[in-house]
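The values are calculated or read from the model by the stated rules, or taken from the named source; none is laboratory data. Just so it is clear, the model here is predicted, and its values are computed rather than measured. In this analysis, Cβ positions are derived from the backbone assuming ideal geometry, glycine residues included, and neighbour counts consider all displayed protein chains.
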Amino acid sequence: MKRFRKVVFIVAYKRKNSKIKYLTLKRKLHWTGWEFPKGGINSGENLIKTVKRELKEETGQIPINIKRYSKTGKYLYKKKLADRPNIIGQTYILFSAELPDKKIKIDKNEHSSFKWTDYETALTLLTFSNKKRCLKIVNKDLLNTFK
């Protein structure tokens, strides 16, 4: 039976000198390009716990603030993934998470590098349009929140 994997998208950011910086990760597992932290929801795991676990795994950080958005989406994988039999794509729920200004420790199995960037640079770096749309939603919200 073919199915979709349920995941959280996490637009991770920090505030530095009254500016917002976004964390982008260079993906190397399954595809190559730039993304935000994301990850699968484990059976029986609530969404906030998933966000915290994924951020710890992919950045080494524990978030300061987490916010859930009403944005959800669905997409198909571009190819079959050997480690995800019968999974044809993912459905996602959008979150933002403020991270402390500490050293990022990426998961070397999934990512090769990271960058803290401003909004415009992050928008340019992101590989997929669904992630660009998520960034736009979070950036607009953060600009209104931090006024």
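For the reader, a short list of remarks on this structure follows.
- A single member of Leu142, Leu99 is within 13 Å of Ile20 (Cβ to Cβ), more than 15 Å from the chain's Cα centre (by Cα) and surrounded by 15 or more Cβ atoms within 10 Å (Cβ to Cβ), and it is Leu142.
- Residue check, Ile106 within 17 Å of Ile10 (Cβ to Cβ), modelled with pLDDT of 95 or more, within 17 Å of the chain's Cα centre (by Cα) and surrounded by 12 or more Cβ atoms within 10 Å (Cβ to Cβ): no
- Some residue of segment 33-53 being at pLDDT 95 or above, under 22 Å from Asn144 (Cβ atoms), under 12 Å from the mean Cα position of the chain (by Cα) and surrounded by 19 or more Cβ atoms within 10 Å (Cβ to Cβ): yes
- Unmet criterion (only one of (1) surrounded by 14 or more Cβ atoms within 10 Å (Cβ to Cβ); (2) more than 13 Å from the chain's Cα centre (by Cα); (3) farther than 23 Å from Glu120 by Cα) for Val7: (2)
For (1) hydrophobic (A, V, I, L, M, F, W, C); (2) in contact (Cβ under 8 Å) with a residue 60 or more places away in the chain, each residue gets a yes or a no:
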position	(1), (2)
Lys74	no, yes
Tyr77	no, no
Asn86	no, yes
Ala97	yes, yes
Asn109	no, yes
Lys115	no, yes
Thr124	no, no
Arg133	no, yes
Asn139	no, yes
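- Complete set of residues in segment 64-91 that are surrounded by 14 or more Cβ atoms within 10 Å (Cβ to Cβ), at pLDDT 80 or above and either of a type in the set (A, V, I, L, M, F, W, C) or farther than 22 Å from Thr145 by Cβ (or both): Ile66, Gly73, Gly89, Gln90, Thr91
Per-residue answers, yes or no, for (1) over 17 Å from Tyr75 (Cα atoms); (2) in a strand (DSSP E or B):
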site: Lys6; (1), (2): no, yes
site: Ala12; (1), (2): yes, yes
site: Gly39; (1), (2): no, yes
site: Asn42; (1), (2): yes, no
site: Lys49; (1), (2): yes, no
